[in-house]
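The values are calculated or read from the model by the stated rules, or taken from the named source; none is laboratory data. None of the values given here were measured: they were computed from a predicted structure. No Cβ is skipped: glycine too gets one built from the backbone with ideal geometry, and neighbour counts run over all protein chains shown. Side chains are part of the model used for accessible areas, which takes the heavy atoms of the whole protein and leaves out ligands, DNA and RNA. Shrake-Rupley method; radii C 1.70, N 1.55, O 1.52, S 1.80 Å.
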Amino acid sequence: EILQEMTDFKTELIESWLGARPLAGGAGRRIVRLRAIPIENHSALLAQTVPQVRIRATGHGWCLAQEQGCGGAGLYEATRCVDCKNSVIDGSFLSIWRGLYEQQRELLDVDDIGPAARQRAEGELRLATQVMVDLGVPPMEPAALPMIRKGVES
């Protein structure tokens, strides 16, 4: 029963990626490009693909790495998955990426973080922005972001 549930879940997930949903991540962008190739029998494609593909949730995307990849570092550092050839980021993770974007914007508002932290935050902000744009949801302007400061939401 568990194997059947896993197979059904993977089938539905991969089938959703083959539709018109926007995708981000290295594998996600490849899937989007492959959509241009006409497929006569989606069921046959899924039947052949699903048993061959490992799919692991990272909390911020899907990891398709088989035996090689980041060694799990993307699990702890979400932005490593943005350009990883094994990652698919779909709209179900949009709130995570929006949160990462907002955190980096807030960090950049801090005056005394130093040049190294500022450079890192700018890079993380660019990557979170890229995912949001790839998913069809451009980030809000900084003035429109809800700022949470000192426990008070404005």
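All but one of (1) at pLDDT 90 or above; (2) of a type outside the set (Asp, Glu); (3) within 16 Å of Gly26 (Cβ to Cβ) hold for Gly59; state the number of the condition that does not hold. It fails just one condition, (3). Of the helices (runs of 4 or more DSSP H) that lie entirely inside region 1-104, those containing 2 or more residues that are touching a Cys at 6+ places or on another chain (Cβ under 9 Å) span 26-34, 73-76. For region 77-86, the criterion of being in contact (Cβ under 8 Å) with a residue 60 or more places away in the chain and of a type outside the set (A, V, I, L, M) is met by at least one residue.
Please tell me if Glu122 is part of a helix (DSSP H, G or I), of a type in the set (Asp, Glu), more than 23 Å from Pro22 (Cα to Cα) and touching a residue at least 24 places away in the same chain (Cβ under 8 Å). So Glu122 does not fit the description; no.
Residues are listed down the side, and each one gets a yes or a no for (1) under 17 Å from Leu100 (Cβ atoms); (2) among the acidic types (Asp, Glu); (3) more than 21 Å from the chain's Cα centre (by Cα):
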site: Glu1; (1), (2), (3): no, yes, yes
site: Lys10; (1), (2), (3): no, no, no
site: Gly26; (1), (2), (3): no, no, no
site: Ala65; (1), (2), (3): no, no, no
site: Ala78; (1), (2), (3): yes, no, no
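Within region 15-56, the residues that satisfy the criterion of being touching a residue at least 60 places away in the same chain (Cβ under 8 Å) and either open to solvent by 70 Å² or more (accessible area, probe 1.4 Å) or hydrophobic (A, V, I, L, M, F, W, C) (or both) are Trp17, Arg21, Leu23, Ala24, Ala27. Of the set (1) surrounded by 14 or more Cβ atoms within 10 Å (Cβ to Cβ); (2) at pLDDT below 95; (3) not β-branched (Val, Ile, Thr), all apply to Arg149 but (1).
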